[in-house]
Amino acid sequence: MDNGAVYNETTEPQAPRRRPFGCTVRHLWGWRLPVKVVQTIFSFVAVVCEEIVEDCITCSGLYFFEFISCSAFLLSLLILCVYCTDLYELLGKDKVQKL
C-alpha cells in the first residue's frame, strides 16, 4: 500500500530562520560598518570626557559640546540600529533615506 501522496510535505511555507535580535550587516557592508562603529565609539568617549569636567569658567562652549557629542552618539547609535536590524525592511528604503 503506497501512502506517499498522503504524507507529502506541508504546503505551508516555512518561516525563514531569524537571527537573534534580527541582526544583519546586509545593508551596512564594506568599510561603512567599521566607520560607523568607530564614530559611535568616539562620540561616546566625547560624552564621557565632557562629563568628567567639574569646573569651568565659561560653560557655554562646554554645554554646546555636550549637546553636539550626545546628539552624535544617539544618532549614530540609531543609524546602527536601523541598518543592522530588521527595522530597515520594516520601515522601507524610502523612509530610511528620508530619515
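Give all pairs with beta carbons closer than 6 Å in which a residue from the range 62-87 that is of a type in the set (A, V, I, L, M, F, W, C) meets a residue that is part of a helix (DSSP H, G or I) and modelled with pLDDT of 85 or more; count only pairs at least 6 apart in sequence or on separate chains.
65/50; 70/47; 72/43; 73/43; 73/44; 73/47; 77/40; 80/36
Can you work out which of the residues in the range 19-33 that are assigned to a helix (DSSP H, G or I) and at pLDDT below 65 is farthest from residue 90 (Cα to Cα)?
20
Within the range 2-14, is even one residue farther than 30 Å from residue 93 by Cβ and at pLDDT 85 or above?
Within the range 2-14 (the criterion being farther than 30 Å from residue 93 by Cβ and at pLDDT 85 or above), the answer is no, since none of the residues qualifies.
If we keep just the residues of the range 43-64 that are outside any loop (DSSP other than H, G, I, E, B) and touching a helix residue (DSSP H, G or I) at 6+ places or on another chain (Cβ under 6 Å), which is surrounded by the most Cβ atoms within 10 Å (Cβ to Cβ)? Break it down stepwise before answering.
Going residue by residue through the range 43-64, those that are outside any loop (DSSP other than H, G, I, E, B) are 43-52, 60-64.
Now restrict to residues that are touching a helix residue (DSSP H, G or I) at 6+ places or on another chain (Cβ under 6 Å): 43-44, 46-47, 50.
On the way: 43: 20, 44: 17, 46: 17, 47: 18, 50: 16.
The residue in question is 43.
The values are calculated or read from the model by the stated rules, or taken from the named source; none is laboratory data. Only a predicted model underlies this, so the values are computations on that prediction, with no experimental measurement involved. Cβ: placed from backbone, ideal geometry, glycine included. Neighbour counts: every protein chain shown.
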